[in-house]
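The values are calculated or read from the model by the stated rules, or taken from the named source; none is laboratory data. Bear in mind the structure is a predicted one, so any value in this text is a computation, not a measurement. Please note: Cβ atoms are built from the backbone with ideal geometry, for glycine as well, and neighbour counts cover all protein chains shown.
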Amino acid sequence: MTIHTGRGFACINYPIGMNLGGDPSQALVHSTPDGKFMVTLSAIDLGQGMKSVCRQIAAEALGVPIEDVYVDTADSDTGPHDMGSFASRGTHRMGNAVIRASSEARAQMMEAAAEELEVSAADLDTDGRGNIQVKGAPSKMITVADTAIAAQFKQGRTLSGRGIFLIEPSGVDWDTGEMSPVTTYAHAALVIDLTVDDETGEVEVKHINSAYEVGRALNPKLVEQQLIGGAWMGVSHALYETTEPYYPARDHLPQDFNTYLMPGPGETVPHDIAVLERPAADAPYGGKGPGEMCANPVLPAIANAVYNAVGVRVDKLPITPEKILRGLQANGGAKPGPRQPGTPQ
Amino acid sequence: MSIEFRKDLFADERDDNLNEIGKPKQRQDIGGHVRGRTAYYDDHLFDGLLHMRCLRSPHHHARIRSVDSGAAERMPGVRRVVHPSDVPNNLNTLLSLIGFGKDDEQLLSDQVVRYMGEPILAIIADTEAQARAACAAVRVDWEVLPHVLDVEEAIAPAAPSVNPAYANNTFDYGPYDHVKLRFGDAQAAFAQADHIVEAEYEMSPIEQAPIETCGAIAAPETADRFVCHTGTQALFFSLGTAAKLLNIASSRLHFIGGTVGGGFGGKVDSITEPMAVLGAILTGKPVKFQWDREEEMQVGAPRGAERWRIKDGVMADGTIIARELTGFFDAGAYTRLSSYAGTKCTGHLPGPYSIPNVAANTFCVYTNRTPATAMRGFGITGVDFAIECHMDRVAEVAGIDPISLRIKNAYRDGDMKAHRRVAKNCALVESCQVAAGKAGWILGTEDMAASSMAGSTPERASIPQTALDEDGKINERRAGRTATTSPVKGTKQLPAGTHGRSHVAVPVQRPDMQIAPERVGHDDPAARGAAHAPAPVAPPVAAPLQPAAAALPAAAATPTPPRAQPAAASQPTPPASAATPPAAQAPQLQAKPYKPDEPFQRGVNRPGASRFLSGARRR
Amino acid sequence: MPKTPVTFTLNGAETGIFVDPGLNLLEALRREAGDLSPKFGCGQGTCGACTILINGEPHLSCLTLAVAAQDADISTTGGLAPGADLHPLQQAFADGFAAQCGFCTSGMLMAAKALLDRNPRPTRDEVVEAISGNLCRCTGYDPIVDAILDAAARVQGRVTA
């Protein structure tokens, strides 16, 4: 029995948003009487942090503290239309809709403040702490709360905004495949270090070094959550998961978590991440969606590392011990590849 | 575990001094999560809640000769047996909401089942156990039919036909039974290559496995409406699907969700919502339809299987000059979202590399398997596995470091992509460099000096003359008149430089919805240019409804990008100049009068009609 | 079918409900006692989302008959916070971004509480073992393990202070 060390690499890009059917999102923003803002959506938070990122985007676009913004989603009676949370569209599409709704509300807020301060709205700016100041003369200011009170009870204005974001639907030219499928791409590259036991066929992933380019990390902690959890899912897809282990045969169908396997807390992989941020022009504050793409490079990188370790190319996912052992048998034993640069001892 | 933010890279493209953006703010929902107070759909309590369970097919493919639910109806606690005939408009396809594909799936199937687990009847009872017991008491006389489970067997001439809406077992993409991607002439380029590298890859189905299973609770509400608490990933998709299947005005549906216990793509299909609402309509009581874990794993649509064959033509120095891909998405028995995966995936090919000759055929194939649907990385995960394993094969054949090979072939700003759009905002090279650096994988100086912002050439930026073919017209493959599944040698040439226009964001509706350019945080030409421009001409103008077009499958009715004259400049049209409204863009139905008392879909009940683009759906 | 009365202590409060004899404790707590913090994830005892403490020991409430809870002392995440402030475990989960969709969080917190109650200074391996019956599909587990270790440290800090 020998434990073989292998190192593998993969890099990917990932399409953000989807243009092929038209893909609108809408948002509504309004202020409470004392200058807090409600963002009303029908977006879905399924753990990725939709509520949180929209709250942050709205606060930034309005120019108010995040504590003064609350996101309410999703109720079809109050939230305007959104396509949903899938296809890495949530942050891109809804984020842009929230920016537009917040920008309109901000414009009204600045007009209301200008009337109170008897200056031009163009001369005003927010300080991000709940105040509106005259540019260059910060002592001349009014709070957002007082602005909202004046707007509602004195001026008869609403501080509210509507936003929609749509990339017009792209058709496909059926002869060439010409299309405008998406708006922008996120990127990732990673190096996997693992071992393969040539007696049992078991793979143990030892380390992941990764680089993820996400446009802008709108909230670095939420990005971190996605990247850690996503890489875990990538390892799981590569080595454990399938509902049909002998596809295309419909046998051995798992029906519970005893037979549908995923790595547990004792099988997590040390993961060192670098985040790169190259803002996409039409994305909200440049942010692309990191959530979907983060698992993708893990699968081929593991397959490539297994090949590097024992010379078996498992081209059918998942990479089970059975497939590795059959490959070793066919090859007449392990045939380790060249030691890749930097492979740990 | 460690994470670093490489603020040094692309620093001049960002303003890092924003007020809230870029800050590690706490999640809005965390307090509810840790207190156990977050309200998911199942955390809404209703007195007298009834439970719904489905009776499902034990066969891959079978005709229903008869169903006897008499005994089940008399069992304790049973309130209602729901038959297919109780579904008012019992045929739908999910993407009809965006005008893509033909209605091909029943909510409850009345004549033929096409996958193991397909529901044919539902029972509503006081408890879940009673509903289960009653389902077990229903007697069904099945006539088992021949089935097909392999994608390539399914497109062979003699294969059983799975889905009558697509009798050839392939989704219709315009006139073809697959999505074509044609860029340059891959067949000709293979003859020039020093190496040819070929391999086949496969991914078997994967379960989304959110810890919260799919489900919905519906109940009669005031004003003759129905409330539906749901774990859907797409609130209005589910609402629209329920309105269509149940032939009920959308104004009578009140959907509440948005707080979901994980989805990963498995909660878009909108099955539990119409079922629960139907139960509430039929019983007048609150009804829950919740999948158990076994249903979640074997009935809930998985990430579908994919099979890919890749053939690369490679020069001795590692430059890939041609790539041919043949892909099969295993849709299972019904379309759900697999049709979309085919186009999304094809637009992604040949991966993040600049390859001057690319040809791909992507098939969406029907088999007698659980229908597939979206999952994290949808349409991309499988082909990226194939491409990146293949890149390693190429590196080995060419004798080049695997990372160096990727950097050499990586797409750069300004390169022309195979779907005839210019690459921008690229960062693959930098991602490779940083990952290698973290892992101590030493790269050569040339690779370390490479940049996504440099390296494009007029040649890489241009659209080559392209070999076209008409192989694989609908009906021909099954009739045995199309020999191959792979891209074939082109029979006619499309001149170099031919392309349509880019599709870009519709500008703001009113100028004050436009964020001020100085508040964007990065350079957005649209914000700069359009900031104080007059409001745009009306967004996509609706063409009058054309009966001829309405009879076509929606995919065929989708307009193709207008072709530029061959003589036009070979440089692509900059997206910014493409602001003219498209003349005949999809949404056709605008002139319908508003009739709030009529069912939601009146007048738009045809394949491809979109309820969201129609203007008919109002409250 | 006649319903059976069951009485127990739920998060310190005397509680009585009437249940069908076959009803599991998860449904009984959620539907009859109104404590929605334990979650239904599988009903098979394999995901841990329904984890509660019975007399201080972690149990899968989906596999426990409600009638078996007679006279039991039951704790759930719904009663974990002693008052307006969060329990150290809750605070550590929040600060450590150890929840995404939040659906497994209740069960995780109960499994972790059972551990810390009997072993206030667990090793990382002991934490891993304690939550090995609880599945999470979002986080990749490490943030959860880190948060539990952090909570243990916080409790120790409070004790020594």
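Identify, from the list B:483, B:526, the residue that is more than 7 Å from every other protein chain (Cβ to nearest Cβ) and either outside any loop (DSSP other than H, G, I, E, B) or out of contact with any strand residue (DSSP E or B) (no Cβ under 9 Å at 6 or more places or on another chain) (or both). Write out each step before concluding.
Working: B:526 fails: more than 7 Å from every other protein chain (Cβ to nearest Cβ).
Selected residue: B:483, the only one of B:483, B:526 that is more than 7 Å from every other protein chain (Cβ to nearest Cβ) and either outside any loop (DSSP other than H, G, I, E, B) or out of contact with any strand residue (DSSP E or B) (no Cβ under 9 Å at 6 or more places or on another chain) (or both).
Does region B:397-409 hold any residues that are facing another protein chain (nearest Cβ under 8 Å) and either in contact with a strand residue (DSSP E or B) (Cβ under 6 Å, 6 or more places away or on another chain) or of a type in the set (A, V, I, L, M) (or both), and which are they? Walk me through how you get there before you give the answer.
Within region B:397-409, the subset facing another protein chain (nearest Cβ under 8 Å) is B:401-403, B:406.
Answer for region B:397-409, where residues must be facing another protein chain (nearest Cβ under 8 Å) and either in contact with a strand residue (DSSP E or B) (Cβ under 6 Å, 6 or more places away or on another chain) or of a type in the set (A, V, I, L, M) (or both): B:402, B:403, B:406.
From the residues in region B:371-396 that are β-branched (Val, Ile, Thr) and more than 8 Å from chain A (Cβ to nearest Cβ), which one is surrounded by the fewest Cβ atoms within 10 Å (Cβ to Cβ)? Full working, then the answer.
Step one: of region B:371-396, the residues β-branched (Val, Ile, Thr) are B:373, B:380-381, B:383, B:387, B:394.
Okay, now just the ones that are also more than 8 Å from chain A (Cβ to nearest Cβ), so B:373, B:383, B:394.
Working: B:373: 28, B:383: 29, B:394: 23.
Filtering region B:371-396 for residues that are β-branched (Val, Ile, Thr) and more than 8 Å from chain A (Cβ to nearest Cβ), the one surrounded by the fewest Cβ atoms within 10 Å (Cβ to Cβ) comes out as B:394.
Just to check your reading of the model, which residue among B:454, B:436 is more than 30 Å from the chain's Cα centre (by Cα), at pLDDT 95 or above and buried (at least 22 other Cβ atoms within 10 Å of the Cβ)?
Values: B:454 fails: buried (at least 22 other Cβ atoms within 10 Å of the Cβ).
Answer to the check: B:436.
Please state which of the following conditions residue C:128 fails to meet, knowing it meets all the rest: (1) touching a residue at least 60 places away in the same chain (Cβ under 8 Å); (2) within 26 Å of residue A:46 (Cα to Cα).
Here residue C:128 meets the rest and fails (1).
Which one of the conditions (1) under 30 Å from residue B:519 (Cβ atoms); (2) surrounded by fewer than 16 Cβ atoms within 10 Å (Cβ to Cβ); (3) of a type in the set (S, T, N, Q) does residue B:66 fail to meet, given that it meets all the rest?
With (1) under 30 Å from residue B:519 (Cβ atoms); (2) surrounded by fewer than 16 Cβ atoms within 10 Å (Cβ to Cβ); (3) of a type in the set (S, T, N, Q) applied to residue B:66, the lone miss is (1).
Residue by residue through region B:321-342, note down the ones that are over 30 Å from residue B:195 (Cα atoms) and part of a helix (DSSP H, G or I). Talk me through it step by step, then tell me what you get.
Step one: list which residues in region B:321-342 are over 30 Å from residue B:195 (Cα atoms), which gives B:330-341.
Matches in region B:321-342: B:338, B:339, B:340, B:341.
Whether any residue in region C:144-155 is of a type outside the set (Val, Ile, Thr) and outside any helix (DSSP H, G or I) is what I want to check. Don't jump to the end; show me each part of the working.
The first filter runs over region C:144-155 and keeps only residues of a type outside the set (Val, Ile, Thr), leaving C:146-147, C:149-154.
Still in the list and also outside any helix (DSSP H, G or I): none.
No: zero hits.
Which residue is surrounded by the most Cβ atoms within 10 Å (Cβ to Cβ), if the candidates are limited to region A:270-295 and must be under 14 Å from the mean Cα position of the chain (by Cα), within 7 Å of another protein chain (Cβ to nearest Cβ) and within 13 Å of residue A:211 (Cα to Cα)?
The selected residue is A:293.
From B:148, B:162, grab the single residue that is more than 30 Å from residue B:459 (Cβ to Cβ), hydrophobic (A, V, I, L, M, F, W, C) and in contact with a strand residue (DSSP E or B) (Cβ under 6 Å, 6 or more places away or on another chain). Give the derivation first.
Details: B:148 fails: in contact with a strand residue (DSSP E or B) (Cβ under 6 Å, 6 or more places away or on another chain).
Within the list B:148, B:162, the selection yields B:162.
Taking residue C:101 as the residue in question, decide whether it is under 13 Å from residue C:51 (Cβ atoms) and assigned to a loop (DSSP other than H, G, I, E, B). Walk me through it before giving the result.
Details: under 13 Å from residue C:51 (Cβ atoms): no; assigned to a loop (DSSP other than H, G, I, E, B): yes.
No.
If residue B:448 meets every condition in (1) touching a residue at least 40 places away in the same chain (Cβ under 8 Å); (2) more than 26 Å from residue B:202 (Cα to Cα); (3) not in a loop (DSSP other than H, G, I, E, B) apart from one, which number is that one?
Condition (1) is where residue B:448 drops out.
When you go through B:459, B:430 one by one, which is the residue that is over 30 Å from residue B:164 (Cα atoms), part of a loop (DSSP other than H, G, I, E, B), modelled with pLDDT of 95 or more and among the acidic types (Asp, Glu)? Working first, answer last.
On the way: B:430 fails: part of a loop (DSSP other than H, G, I, E, B).
It is B:459.
Among the numbered conditions (1) surrounded by 24 or more Cβ atoms within 10 Å (Cβ to Cβ); (2) assigned to a helix (DSSP H, G or I), tell me where residue B:282 comes up short.
Failed condition: (1).
Please tell me if residue A:209 is among the polar types (S, T, N, Q), crowded, with 24+ Cβ neighbours inside 10 Å, farther than 23 Å from residue A:281 by Cα and in contact (Cβ under 8 Å) with a residue 24 or more places away in the chain. Don't jump to the end; show me each part of the working.
On the way: among the polar types (S, T, N, Q): yes; crowded, with 24+ Cβ neighbours inside 10 Å: yes; farther than 23 Å from residue A:281 by Cα: yes; in contact (Cβ under 8 Å) with a residue 24 or more places away in the chain: yes.
Answer is yes for this residue.
With respect to residue A:306, is the statement that it is touching a residue at least 24 places away in the same chain (Cβ under 8 Å) and closer than 24 Å to residue B:382 by Cβ true?
Values: touching a residue at least 24 places away in the same chain (Cβ under 8 Å): yes; closer than 24 Å to residue B:382 by Cβ: yes.
Here the answer is yes, as residue A:306 does meet what is asked.
Going through region A:64-87 one residue at a time, which ones are within 7 Å of chain B (Cβ to nearest Cβ) and under 13 Å from residue A:98 (Cα atoms)?
Filtering region A:64-87 for residues within 7 Å of chain B (Cβ to nearest Cβ) gives A:66, A:71, A:73-77, A:81-87.
Residues satisfying the conditions are A:71, A:73, A:81, A:82.
Which condition from (1) more than 14 Å from chain A (Cβ to nearest Cβ); (2) in contact with a helix residue (DSSP H, G or I) (Cβ under 7 Å, 6 or more places away or on another chain); (3) surrounded by fewer than 22 Cβ atoms within 10 Å (Cβ to Cβ) is the one that residue C:89 breaks?
Only one criterion in (1) more than 14 Å from chain A (Cβ to nearest Cβ); (2) in contact with a helix residue (DSSP H, G or I) (Cβ under 7 Å, 6 or more places away or on another chain); (3) surrounded by fewer than 22 Cβ atoms within 10 Å (Cβ to Cβ) is unmet by residue C:89, namely (3).
Does residue C:98 meet the test of being small (Gly, Ala, Ser), more than 7 Å from every other protein chain (Cβ to nearest Cβ) and touching a residue at least 40 places away in the same chain (Cβ under 8 Å)? Walk me through how you get there before you give the answer.
On the way: small (Gly, Ala, Ser): yes; more than 7 Å from every other protein chain (Cβ to nearest Cβ): yes; touching a residue at least 40 places away in the same chain (Cβ under 8 Å): yes.
Here the answer is yes, as residue C:98 does meet what is asked.
What are the residue pairs meeting all of these: first residue in region C:136-149, first residue more than 8 Å from chain A (Cβ to nearest Cβ) and aliphatic (A, V, I, L, M), second residue surrounded by fewer than 24 Cβ atoms within 10 Å (Cβ to Cβ) and not in a helix (DSSP H, G or I), Cβ atoms under 6 Å, and 6 or more apart or on different chains?
C:147/C:96
Among the listed residues B:100, B:10, identify the single one that is within 13 Å of another protein chain (Cβ to nearest Cβ), in contact (Cβ under 8 Å) with a residue 40 or more places away in the chain, farther than 21 Å from residue B:282 by Cβ and over 31 Å from the mean Cα position of the chain (by Cα). Step through it out loud before you land on a result.
Working: B:100 fails: over 31 Å from the mean Cα position of the chain (by Cα).
Answer to the check: B:10.
Being away from chain C (no Cβ under 14 Å) and assigned to a helix (DSSP H, G or I) is true for just one of A:319, A:228, A:302. Which residue is that? Can you show your working first?
Working: A:319 fails: assigned to a helix (DSSP H, G or I); A:228 fails: away from chain C (no Cβ under 14 Å).
Residue meeting the stated conditions: A:302.
Quick check, is residue B:56 within 30 Å of residue B:334 (Cα to Cα), in contact (Cβ under 8 Å) with a residue 60 or more places away in the chain and in the same structural domain as residue B:291 (by TED's automatic domain parsing)? So that I can check it myself, show each step before the final result.
Details: within 30 Å of residue B:334 (Cα to Cα): yes; in contact (Cβ under 8 Å) with a residue 60 or more places away in the chain: yes; in the same structural domain as residue B:291 (by TED's automatic domain parsing): yes.
Against the criterion (within 30 Å of residue B:334 (Cα to Cα), in contact (Cβ under 8 Å) with a residue 60 or more places away in the chain and in the same structural domain as residue B:291 (by TED's automatic domain parsing)), residue B:56 qualifies.
With the requirement that a residue be more than 7 Å from every other protein chain (Cβ to nearest Cβ), hydrophobic (A, V, I, L, M, F, W, C) and assigned to a strand (DSSP E or B), what does region A:1-51 give you?
A:3, A:16, A:27, A:28, A:29, A:37, A:38, A:39
Filter the strands (runs of 3 or more DSSP E) completely within region B:179-274 down to those with at least 3 residues that are under 28 Å from residue A:25 (Cβ atoms) and more than 10 Å from chain A (Cβ to nearest Cβ).
Of the strands (runs of 3 or more DSSP E) lying wholly inside region B:179-274, those with at least 3 residues that are under 28 Å from residue A:25 (Cβ atoms) and more than 10 Å from chain A (Cβ to nearest Cβ) span B:215-220.
Looking only at residues in region B:115-134 that are small (Gly, Ala, Ser) and crowded, with 18+ Cβ neighbours inside 10 Å, which one is farthest from residue B:149 (Cα to Cα)?
Filtering region B:115-134 for residues small (Gly, Ala, Ser) gives B:117, B:122, B:125, B:129, B:131, B:133-134.
Those still in the list that are crowded, with 18+ Cβ neighbours inside 10 Å too: B:117, B:122, B:125, B:131, B:133-134.
Working: B:117: 15, B:122: 27, B:125: 35, B:131: 31, B:133: 31, B:134: 31 Å.
Among residues in region B:115-134 that are small (Gly, Ala, Ser) and crowded, with 18+ Cβ neighbours inside 10 Å, the one farthest from residue B:149 (Cα to Cα) is B:125.
If you take the residues of region A:189-223 that are among the polar types (S, T, N, Q) and not in a strand (DSSP E or B), which of them is farthest from the other protein chains (Cβ to nearest Cβ)?
Checked region A:189-223; the qualifying residue farthest from the other protein chains (Cβ to nearest Cβ) is A:200.
Answer yes or no: is there a residue in region B:45-56 that is at positive phi, in contact with a helix residue (DSSP H, G or I) (Cβ under 6 Å, 6 or more places away or on another chain) and within 14 Å of chain C (Cβ to nearest Cβ). So that I can check it myself, show each step before the final result.
So the first thing to find is which residues in region B:45-56 are at positive phi, and the list is B:48.
Among the residues that remain, those that are also in contact with a helix residue (DSSP H, G or I) (Cβ under 6 Å, 6 or more places away or on another chain) are: none.
Checked against the condition, which is being at positive phi, in contact with a helix residue (DSSP H, G or I) (Cβ under 6 Å, 6 or more places away or on another chain) and within 14 Å of chain C (Cβ to nearest Cβ), region B:45-56 yields no hits at all.
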